[in-house]
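The values are calculated or read from the model by the stated rules, or taken from the named source; none is laboratory data. All of these numbers come straight from a predicted model, not from anything done at the bench. As a convention, Cβ positions derive from the backbone with ideal geometry for all residues, glycine included, and neighbour counts pool all protein chains shown.
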Amino acid sequence: MQVRRATQDDRAWIAEVVVGAFASTRVVSRGRVHDDAAMLDGFVVENDGRSVGCALWQEVDGDAELVVIVTTYRGAGAGTALLDAVVDHARAHGWKRLWLITTNDNTDALRLYQRAGWDWVGWHRDAVTEARPLKPELPANGAHGIAIRHEIELEYPL
């Protein structure tokens, strides 16, 4: 796996992948709307020269939210490579806090995040239910047929 910074040439592919994972390029976390998450700064991971995932963040005043992490080639280390690259970038740029929000149905990602050293720091009951007016395309059910209702907040100890 090779991780590199996302470029303008990646944006169409990133948008396609984000729509596939999030039903649109609009991402909502903790009531905050990222209107076009595909345009955020981040990394792309490649396998044999082919893009297979991306990690995109929003930096604000020395803190950063990992808004999107998605891979199309599961089980090969792409997600771990992206997480490692984001953490290395956070440390190199002196970020004070690095966090992400995921949904209660995202059990596979929760395993990955915790194995990679991310701490579960918050559970926000019915946050997704409350966000549906901001993003009506959110499905009622997600991975493994689990109803999507809550947000889970994880933080990496920098």
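Figures for the structure shown
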quantity: Residue within the range 44-59 that is closer than 20 Å to Trp99 by Cβ, in contact (Cβ under 8 Å) with a residue 12 or more places away in the chain, in a strand (DSSP E or B) and over 12 Å from the mean Cα position of the chain (by Cα) present; calculated: yes
quantity: Extreme residue, surrounded by the most Cβ atoms within 10 Å (Cβ to Cβ), among residues of the range 128-152 that are more than 17 Å from Thr107 (Cα to Cα) and either touching a Lys or Arg at 6+ places or on another chain (Cβ under 7 Å) or of a type outside the set (D, E, K, R) (or both); calculated: Ala131
quantity: Selection from the range 113-154 of residues that are farther than 18 Å from His34 by Cβ and either touching a Ser or Thr at 6+ places or on another chain (Cβ under 9 Å) or of a type in the set (A, V, I, L, M) (or both); calculated: Tyr113, Arg115, Ala116, Val121, Ala140, Gly142, Ala143, His144, Ile146, Ala147, Arg149, His150
quantity: Near pairs, Cβ below 6 angstrom, 6+ apart or cross-chain, from the range 127-143 (under 13 Å from Ile101 (Cβ atoms) and at pLDDT 90 or above) to any residue that is among the hydroxyl-bearing types (Ser, Thr, Tyr) and outside any loop (DSSP other than H, G, I, E, B); calculated: Val128/Thr103
quantity: Residue count for the range 60-114, restricted to those that are farther than 26 Å from His150 by Cβ, among the charged types (D, E, K, R) and in a helix (DSSP H, G or I); calculated: 3
quantity: Breaking point among (1) more than 14 Å from Glu155 (Cβ to Cβ); (2) surrounded by 19 or more Cβ atoms within 10 Å (Cβ to Cβ), for Trp95; calculated: (1)
